[in-house]
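The structure appears right after this line, and notes come after that.
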Amino acid sequence: MSLYAVQKFLYELNRSEAVQVTYRSAPDALLDEFDLTSEERDALTEPDIGKLFHLGVNGQILMHFAAFHQIEWQDYLQRMRDGIAKHGPVREGVYAMTTALDEEVAPVHSTSPSPASDTPGEN
Amino acid sequence: MPLVYAGVCSHAPGITGRSDQADPQVRDRFYDAFDAMRADLEAAKPDAVVVIAAEHFANFFMNNMPSFAIGMADSYEGPIEDPGWLGIEKQSVLGNRDLSQRFITEVMKGSDVSYAEEWKFDHGIMVPLHFLTPRYDTAIIPVNINCQGPPLTPLARAWAFGESIRAAADALPERIAVIGTGGISHWPATPDSGKINVEWDLDFMDRWCRNDRDALLDYDDLSVYADAGQGGFEIRTFIAVSAAAAGATGTVHFLEPIPIFAVSCTVASYALD
Ligand SMILES: [Fe+2]
């Protein structure tokens, strides 16, 4: 278990365009510099957002990593839920999950207007 | 001279990045509150804006985590996040190395701080600046309080740090504004994102507006985590602004939950003499 190394790698990747270029062109050489288990290494290269969340990666670090991979917001949330369903609860850290797997916590505002939301001056 | 402005606001990345997914009626009133905050800030004619933020691993990691850090550069870059995702293009943001250095020198008389001549902004600073200094041509002095990597900065130390910021502003000839960004209750960047404890937020902001030191420090990390989530740890930035404006009364200009933005969206300020 080397969550520290996983997060250190993601921290350096998230903040540096130079590291991002290397990650895209020669990920193995880059990842060799970090003391990672094969499980962690696989999750970082795939990338397996659900597994990384389960391992306990700080949500802020994981969110920026998902954005770097152009993973859309609702897809990012679903991948984390899928990771918990598949691997179990978050192993460590404070970015655990407290809602139910099927709970819709923050629905996207409907673009098809309902009569109520069209009423002027309702606020 | 005395602080010319003291306020707080939210900084969640969804505010700019997921603008199109929010209820436009609530969202637009929130943006209006940000616009009014910008007008108040501009009317105060600050020479520099001290932004007390809770960053998210853009500069500081658990290999060398400061409780408090202050930037000391003539310019800063940001956002570190994908610009399309955040809805903010990469910018060079104006700083003021000389003023930062004199400011830090004064703050250090009361609080132990790290300083940094390199600093990349993440959404914690870029989202507020997008609304408040949209041309990025007002000098920023970035400040960070560790709200991410436990052990976190104690709340009482955040208050003392705010007092040091006030003393530093008082000692300098420049017009200094201070803005805290963060919180309040939220469970960001997890599947819980959008869960908000509105009652807790209203109670916290009541304490903030009364500038009630004892009430603001009457929290511990375990209860904050249980009631307000890991995002609640960012109350440190609001508490520091409260201390910097000690004695003043605050007004909440906007405080409503916008779940797709993951937070009770907040704009508030103190009436300074
Ligand atoms: Fe934050």
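The values are calculated or read from the model by the stated rules, or taken from the named source; none is laboratory data. Fair warning: this is a prediction, and the values are worked out from it, not measured in the lab. Glycine gets a Cβ as well: all are built from the backbone with ideal geometry, and neighbour counts include every protein chain shown. For the accessible areas, the whole protein counts, side chains as well, though only heavy atoms, and no ligand, DNA or RNA atoms are used. Shrake-Rupley method; radii C 1.70, N 1.55, O 1.52, S 1.80 Å.
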### Query
Going by the conditions given, is B:ASP220 crowded, with 24+ Cβ neighbours inside 10 Å and over 19 Å from the mean Cα position of the chain (by Cα)?
no
### Query
With (1) under 10 Å from the mean Cα position of the chain (by Cα); (2) more than 12 Å from chain B (Cβ to nearest Cβ); (3) surrounded by 21 or more Cβ atoms within 10 Å (Cβ to Cβ) as the list, and A:ALA67 as the residue in question, which single condition is left unmet?
(2)
## Note on the structure
Those residues of the range B:51-80 which are open to solvent by 10 Å² or more (accessible area, probe 1.4 Å) and in a strand (DSSP E or B) amount to B:PHE68, B:SER75, B:GLU77
### Task
Could you list all residues from the range B:165-188 that are away from the ligand (no atom under 11 Å from the Cβ) and of a type in the set (S, T, N, Q)?
B:SER185
### Summary
Log entry, pairs with first residue in the range B:173-197 being among the aromatic types (Phe, Trp, Tyr), second being buried (at least 24 other Cβ atoms within 10 Å of the Cβ), beta carbons closer than 6 Å, six or more apart or on different chains, reads B:TRP187/B:GLY229
### Task
Within the range B:200-216, identify whether any single residue is among the hydrophobic types (A, V, I, L, M, F, W, C), under 15 Å from the mean Cα position of the chain (by Cα) and not in a loop (DSSP other than H, G, I, E, B), and answer yes or no.
yes
### Task
Determine whether the range B:201-212 contains at least one residue that is in contact (Cβ under 8 Å) with a residue 24 or more places away in the chain, under 22 Å from B:SER269 (Cβ atoms) and within 15 Å of the ligand (Cβ to nearest atom).
yes
### Query
Quick check, is B:PRO46 modelled with pLDDT of 95 or more, open to solvent by 10 Å² or more (accessible area, probe 1.4 Å) and away from the ligand (no atom under 13 Å from the Cβ)?
yes
### Task
Inspect the range B:95-113 for any residue being open to solvent by 60 Å² or more (accessible area, probe 1.4 Å), at negative phi and among the hydrophobic types (A, V, I, L, M, F, W, C) and give the result as yes or no.
yes
### Among (1) on the phi < 0 side of the Ramachandran plot; (2) within 16 Å of the ligand (Cβ to nearest atom); (3) open to solvent by less than 10 Å² (accessible area, probe 1.4 Å); (4) away from every other protein chain (no Cβ under 13 Å) - the single one B:HIS130 does not satisfy
(3)
### Among the residues listed as B:TYR31, B:TYR115, the single one being at pLDDT 95 or above, under 21 Å from B:ILE145 (Cβ atoms) and not aliphatic (A, V, I, L, M)
B:TYR115
#### Entry: Wholly enclosed helices (runs of 4 or more DSSP H) of the range A:2-51 bearing at least 3 residues crowded, with 20+ Cβ neighbours inside 10 Å, modelled with pLDDT of 95 or more and within 15 Å of the chain's Cα centre (by Cα)
A:3-15, A:38-45
### Task
Please verify whether the range B:157-175 includes one or more residues that are open to solvent by 10 Å² or more (accessible area, probe 1.4 Å) and farther than 25 Å from B:TRP119 by Cβ.
no
### Query
Which of the residues belonging to the range B:237-273 are hydrophobic (A, V, I, L, M, F, W, C), under 13 Å from B:MET37 (Cα atoms) and away from every other protein chain (no Cβ under 14 Å)?
B:VAL252, B:VAL267, B:ALA268, B:ALA271
